[in-house]
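Below is one structure, written out as C-alpha cells, with a few remarks after it.
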Amino acid sequence: MKICFVLNDIENERYGTSIMVMNRAHARGHEVYAMGIGDFNFHHGAPISINSTQVPEDAKINSAQDYLEALKSSKARKKIITSTELDVLFIRNNPTEEGSGREWAEHAGIAFGKLIQQQGVLVLNDAYALSQAFIDKLYFEELPPEIKPNSLITRNKDDILKFWEENDKKMVLKPLEGSGGQNVFLIDENEKNLNQIIETISQDGYIIAQEFLPEVKDGDVRVLLMNGRVMVNDGKQSIIRRVSGEGEFRSNFALGATADTSDLTPAMKRIVELTAPKLISDGLFFVGLDVVNDKLIEINVLSPGGMEHFEEVGLPDFTEIIVQAIERKVEYKNLYGHLLTNKEIACMK
C-alpha cells in the first residue's frame, strides 16, 4: 500500500510512535511517505498534491531511530505525489507542539484531510471525526458523566471563582483549545495570581475548570486503543503509566514524566467500555485515553503516543499490530469502498 504520514514538520520530528509505525510499514514493504503540515497544495479541479519525503532506497535501516535519521538525511528522496495515488493518509501531527507563529498549522491537517477523504482516500483517523473531537473539545463532554471529573467550561471569571470555592479551593485550569501540558495550572487556596491566570488562558478562548484529583500525584495512565480496544501483544496490554516529575502535577512525557507499568484496573476497563462505542462509530481508529484513578481526563485523537517508552518498562512493540490493521482496512476499502463510508472502514477490525 501507499501510505503518507502527516507530521508537524520533518526537520523537527522526534523519535516516537509515528516514526515507529512508519518504520514498521516500511519494513513490511509498503511505500511510506512523510510530509509536514505545510506540504499540502490545493489545485482547483485537480487532486491535492503533496511535497513528500521518503527514506533513500539504499538506506540501511535496522531500527526506528535509523529510519528517522534516514528520513532527515540529505539523501532523503523528495517527491511530489497526488492525494489520489495514496491508499491511506494517516494524520499524526500534534497541534499542541506548534510554536508561536505557526497557528496556521493547528487545523490544516484536518482541513486538508477532509478534502482528501472526499477524493476517496482512506483517512485515519476519520477527518470529520477529528474535526469534531479535536477542534470541538466539547466532544469530551458528550461522554457519560460517571467517568469524567467534575468540570466547568466558561469564559466568565465569576463562574470560575465560584467553581473554585465549591471544590474546596483546589482545581485545575486549562484552555479548551490545545493543552499538551501547556497553560495548565493547578490552583489551590494559596494561589495569588488566579485573576492573572484566568486572564492569560482566556486570551486563547474558553477555559476548562476541572476538579483536582488527588491521585494525580501518582501520575496518570495512557491507554492506547485501536478499533476501540486495548491492544494485546505477547499477553501484555498497550497501557503505560506516566509518572510526574518532582514538584510537577502534569504527566506529559514532554514535560519530564517517566514511564512505569500499569494494569488495566476494573475502573479503566469500565472507562474503555463506555468510551469505545462512540470512538468506533465516529471512525476514530487509533486513540489515547488518559486516566487518573477512575476518571478519564483527556482523549488524544490526533497523535496518541508514548510507545517509544514501552521498551523501558518491558512492554512489547505494538507497531506490527497497528500496520496489519491498516492493511486490512485498505483491503476492506478495495472490496467494499462503494458500500461503506470512511468512518465505517476506519474502525473495522
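The values are calculated or read from the model by the stated rules, or taken from the named source; none is laboratory data. These figures come from a predicted structure and were not determined experimentally. Cβ sites come from the backbone with ideal geometry, for glycine too, and all protein chains shown count toward neighbours. For accessibility, only protein heavy atoms count, side chains too; no ligands or nucleic acids. Shrake-Rupley method; radii C 1.70, N 1.55, O 1.52, S 1.80 Å.
Here are the numbers for the structure shown:
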{"read-out": "Principal-axis tilt of helix 319-336 within the chain, Cα atoms, nearest 10 degrees", "value": "60 degrees"}
{"read-out": "Sequence-separation-based contact order of the chain, relative, with Cα cut under 8 Å and 6+ spacing, percent", "value": "17 percent"}
{"read-out": "Radius, Kirkwood style, for region 151-249 when every pair of distinct Cα atoms is counted (Å)", "value": "15.2 Å"}
{"read-out": "For region 1-148, diffusion coefficient by Stokes-Einstein and Kirkwood Rh (Cα), 10 °C, 1.306 mPa s, µm²/s", "value": "98 µm²/s"}
{"read-out": "Separation of the Gln65 and Phe42 label points, Cα + 7 Å toward Cβ, nm", "value": "4.1 nm"}
{"read-out": "Accessible area per residue, Å², the chain with all protein chains present, probe 1.4 Å", "value": "46 Å²"}
{"read-out": "Rounded tilt (10° steps) of 108-118 against the dominant C-alpha axis of the chain", "value": "50 degrees"}
{"read-out": "In nm, spacing of pseudo-spin labels at Lys236 and Glu142 (7 Å Cα→C-beta vector)", "value": "3.5 nm"}
{"read-out": "Separation in nanometres of the label points that stand 7 Å from Cα toward Cβ, at Asp168 and Asp218", "value": "1.7 nm"}
{"read-out": "Value of [θ]222 nm, deg cm²/dmol, for the chain, DSSP H segments ≥ 4, -39500 (n - 2.57) each, nearest 500", "value": "-8000 deg cm²/dmol"}
{"read-out": "Gyration tensor (alpha-carbon) shape descriptor, region 69-119, a/c threshold 1.5", "value": "oblate"}
{"read-out": "Alpha carbon centroid spacing (whole Å) that separates region 19-58 from region 287-349", "value": "19 Å"}
{"read-out": "Interatomic Cα distance distribution for region 74-189, bins of 5 angstrom, percent", "value": "2, 9, 14, 16, 16, 13, 10, 7, 5, 4, 3, 1"}
{"read-out": "Stokes-Einstein translational diffusion, region 204-349 - Kirkwood Rh over all Cα pairs, 1.002 mPa s, 20 °C, in µm²/s", "value": "131 µm²/s"}
{"read-out": "Quarter of the Cα convex hull surface for the chain, i.e. its orientation-mean projected area (nm²)", "value": "18.2 nm²"}
{"read-out": "Protection-proxy order for peptides 40-51, 311-322, each taking the mean of Cβ atoms within 10 Å per residue, highest first", "value": "311-322, 40-51"}
{"read-out": "Lysines with Cα under 23 Å of Lys333, excluding same-chain neighbours fewer than 8 positions away", "value": "Lys2, Lys114, Lys278, Lys343, Lys349"}
{"read-out": "Calculated over region 282-349: convex hull of Cα atoms, volume per residue (Å³)", "value": "109 Å³"}
{"read-out": "Of all accessible heavy-atom area on region 175-230, the percent that carbon and sulfur account for (1.4 Å)", "value": "41 percent"}
{"read-out": "C-alpha long axis of helix 266-281 to longest principal axis of the chain, angle in °", "value": "50 degrees"}
{"read-out": "Sulfur and carbon atoms: percent of accessible area, region 1-132 [1.4 Å]", "value": "46 percent"}
{"read-out": "Burial ranking of peptide ranges 89-97, 277-285, 332-340 (average Cβ count within 10 Å, highest at the top)", "value": "89-97, 277-285, 332-340"}
{"read-out": "Efficiency of FRET between Asn190 and Arg155 - r from beta-carbon atoms, R0 30 angstrom, step 0.05", "value": "0.75"}
